[in-house]
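A short worksheet on the structure shown next.
The values are calculated or read from the model by the stated rules, or taken from the named source; none is laboratory data. This structure is a prediction, so every number in the text was calculated from the model and none was measured. No Cβ is skipped: glycine too gets one built from the backbone with ideal geometry, and neighbour counts run over all protein chains shown. Calculation scope for accessible area: heavy atoms of the full protein, side chains included, ligands and nucleic acids excluded. Shrake-Rupley method; radii C 1.70, N 1.55, O 1.52, S 1.80 Å.
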Amino acid sequence: MRPLVVMGVSGSGKSTVGAAIAQRMRVPFADADDLHPSANIAKMSRGESLSDEDRFPWLEIVGEWLGVHEDGGGVMSCSALKRKYRDQIRHHAPHVHFLLLEGSPEVIAVRQAGRPGHFMPASLLTSQFATLEPLSPDEDGLVLEVDQSVDDIVQGYVDHMNREDR
Ligand SMILES: Nc1ncnc2c1ncn2[C@@H]1O[C@H](COP(=O)(O)OP(=O)(O)OP(=O)(O)O)[C@@H](O)[C@H]1O
Ligand SMILES: O=C(O)[C@H](O)[C@@H](O)[C@H](O)[C@H](O)CO
């Protein structure tokens with residue numbers, strides 16, 4: 001398996017789906033939320049969105065992890081909201097592909113609200129959507145709708161990969 005980034009806005013299900021795909025594919029999983037410098041977590045907790053400068057060093061760590069898993073495969077959940085962030089990741093891991101979890105602000109807001117205690121405030125969801133640049137046709141990846149069960153999303157990914165292998 002090639003390295004995979006499960007991407008999307010906060011609350012789209014990246015951590016849940018990423019862990020489930022990694023388990024299904026029997027490869028390591030990492031959550032980019034765990035790799036943020038503490039200053040980034042503090043900033044988001046204050047209700048401020050991250051800048052490109054804040055994200056740069058974090059994306060270097062994310063890219064390096066994926067680069068290490070270029071051969072054996074691995075899954076990282078990471079927002080990867082902008083094309084240039086994905087370019088930065090691809091620089092480290094040229095064979096990486098991306099699964100964008102796409103959903104309406106309404107559905108995702110309900111999911112976000114359903115996990116009290118998370119550092120990410122609901123108020124940042126608007127800026128997450130404003131920042132998101134969907135995958136371009138020349139980017140290696142697929143898009144799946146979040147308004148379905150986690151099992152169905154995982155199966156959607158597996159089916160896509162099986163079609164690609166044929
Ligand atoms: N397909 C799904 N159906 C129903 N609930 C889901 C689904 N995917 C995720 N959830 C739930 O939605 C909430 C958000 O999911 P999760 O934490 O995985 O999102 P995330 O994109 O990793 O968020 P963040 O980046 O903010 O940590 C969780 O409570 C999770 O259990
Ligand atoms: O790029 C970003 O703005 C961040 O990665 C956020 O997306 C959060 O870390 C994550 O989603 C936690 O809620």
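Across the range 118-135, computed HN-Hα scalar couplings (Karplus, 6.51 cos²θ - 1.76 cosθ + 1.60, θ = phi - 60°) run 6, 5, 7, x, 4, 4, 7, 5, 4, 5, 4, 5, 5, 7, 4, 10, x, 4 Hz from first to last residue, x flagging Gly and Pro. Entry note: the range 3-76 has Rg to Rh equal to 0.99, where both radii use alpha-carbon atoms and Rh is the Kirkwood radius.
About the Cα centre, and with charges only on the beta carbon of Lys, Arg (+1) and Asp, Glu (-1), how big is the dipole of the range 119-166? Nearest 20 debye, please. Can you show the working numbers first?
Working: 2 positive and 11 negative charges, 31 e Å.
Charge dipole of the range 119-166: 140 debye, to the nearest 20.
Under a Cβ-only charge scheme (Lys and Arg +1, Asp and Glu -1), can you give me the dipole magnitude of the chain about the Cα centre, in debye to the nearest 20? Intermediate values should be presented prior to the final figure.
Numbers: 16 positive and 25 negative charges, 51 e Å.
The dipole magnitude comes to about 240 debye.
Using alpha-carbon pairs under 8 Å, 6+ residues apart, how would you state the relative contact order of the chain in percent? Display every interim value, and only then the final one.
On the way: 260 pairs, mean separation 56.9, N = 166.
After rounding, I find 34 percent.
Would you please classify the overall shape of the chain from the alpha carbon gyration tensor, given that a ≥ b ≥ c denote the square roots of the eigenvalues, rounded means a/c under 1.5, and beyond that prolate means a/b larger than b/c while oblate covers the rest? Taking the square roots of the gyration eigenvalues as a ≥ b ≥ c, the chain is oblate. Solvent-accessible area assigned to carbon and sulfur over the chain amounts to 52 percent, based on a 1.4 Å probe.
Provide the per residue accessible area, probe 1.4 Å, for the range 4-164, rounded to a whole number of square angstrom.
Details: 7610 Å² over 161 residues.
For the range 4-164, the solvent-accessible area averages 47 Å² per residue.
Cross-link partners of Lys14 among lysines, defined as those whose alpha carbon lies under 17 angstrom from its own and excluding same-chain residues fewer than eight positions apart: Lys82. Once you order the gyration tensor axes a ≥ b ≥ c over the Cα atoms, which shape class does the range 108-158 get: rounded for a/c under 1.5, otherwise prolate or oblate by comparing a/b with b/c? Note, shape of the range 108-158 comes out oblate. Listed by chain and number, the aspartates and glutamates whose C-alpha is less than 14 Å from the C-alpha of Lys43, apart from same-chain residues fewer than 8 away, are Asp33, Asp52, Glu53, Asp54. By Kyte-Doolittle mean hydropathy of at least -1.0 and Cα axial length of at least 18 Å, which whole DSSP H helices of the chain are selected? What comes out of the filter, once short or polar helices are dropped, is 52-68, 150-165. The trypsin sites (Lys or Arg not before Pro) of the range 80-134 include none that meets both conditions, a loop assignment by DSSP and at most 13 other Cβ atoms within 10 Å of the site Cβ.
Of the beta bridges DSSP finds with both residues in the range 18-162, what % are antiparallel, to the nearest 5?
On the way: 0 of 8 bridges.
The answer is about 0 percent antiparallel.
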